[in-house]
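Working notes for the structure below.
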Amino acid sequence: MNFTPIKLAPHLKDQLPAWLHMGVPPRTYNKSRDTCLQNNHKIKSIKDLRSISNRLTNNTDHHKRSNCTCEHCKQDRYAGCINPNKCATIASKIIANLRPKFNPTITPPKDDLTLTHRRKEKNERAHRSRTGDITFDPTITENTTLGDCFRIF
């Protein structure tokens, strides 16, 4: 059994596990450095990593120092984190190290294989009425679930 998506939709990239991710190069993870993210921040998925790393760019109250007083950092300190800014930086680095295929911050190039909106509607009508031709949809982007990305060879 292999996990073999050609192209993943962004919401599926967010669902992938944060730890032991198949899309990171060697030496991305560091046990002593990542322990706080795993234990105090309860990071499980790429989406969790993104929510912590977003405070570095999307939060105007956050200050890039160990004693930041923004609301997110206060909550993290309450949960046991000593340096929330460092953890956010580590989360950001892990995301940056993901290969483009698995990185939710990178938009893949357009493949022009997806059917037009009109053709999809025509297929839907033909499928519902069980009459007419259905045009093959050659899209390579996996949009449904992560389970559909596994193949048995």
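The values are calculated or read from the model by the stated rules, or taken from the named source; none is laboratory data. Keep in mind that what you see is a predicted model, and the values were worked out from it rather than measured. Every residue, glycine among them, receives a Cβ derived from its backbone with ideal geometry; neighbour counts consider all protein chains shown. These area figures cover heavy atoms from the full protein model, side chains too; ligands, DNA and RNA do not enter into them. Shrake-Rupley method; radii C 1.70, N 1.55, O 1.52, S 1.80 Å.
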Accessible carbon and sulfur surface of the chain relative to its total accessible area, %, 1.4 Å: 53
Amide H partners (placed H, <5 Å) of residue 45, local residues excluded: 18
Highest-fluctuation residue, 101, 44, 74 considered, GNM on the chain with Cα pairs under 10 Å: 74
Helix-only CD estimate at 222 nm, as mean residue ellipticity for the chain, using -39500 (n - 2.57) per DSSP H run (n ≥ 4): -11500 deg cm²/dmol
Of 37, 115, 12, the one that fluctuates the most in a GNM where the chain has Cα springs shorter than 10 Å: 115
Sequence of 125, 77 when ordered by accessible area, the most exposed leading, probe 1.4 angstrom: 125, 77
Net lengthening on full extension, residue 114/residue 45 (0.36 nm per residue, minus Cα-Cα): 22.0 nm
Net length gained if the chain between residue 150 and residue 14 were fully extended (0.36 nm per residue, minus Cα distance): 47.3 nm
Residue-normalised accessible area of the chain, given per residue in Å² at a 1.4 Å probe: 68
Per-bin percent of Cα-Cα distances, the range 28-92 [10 Å]: 23, 62, 15, 0
Using a Förster distance of 25 Å, the FRET efficiency for residue 65-residue 107 (Cβ separation, nearest 0.05): 0.20
Electrostatic dipole magnitude of the chain [Cβ: Lys, Arg +1; Asp, Glu -1; Cα centre; debye, to 20]: 300
Heavy-atom accessible area ranking, 1.4 Å probe, most first, across 14, 61: 61, 14
Convex hull volume per residue in cubic angstrom - Cα atoms of the chain: 160
Accessible area, probe 1.4 Å, largest first, for residues 32, 51: 32, 51
Unsatisfied cross-links (Cα-Cα over 26 Å) in the set 47/110; 44/93; 44/86; 44/64; 47/120: 47/120
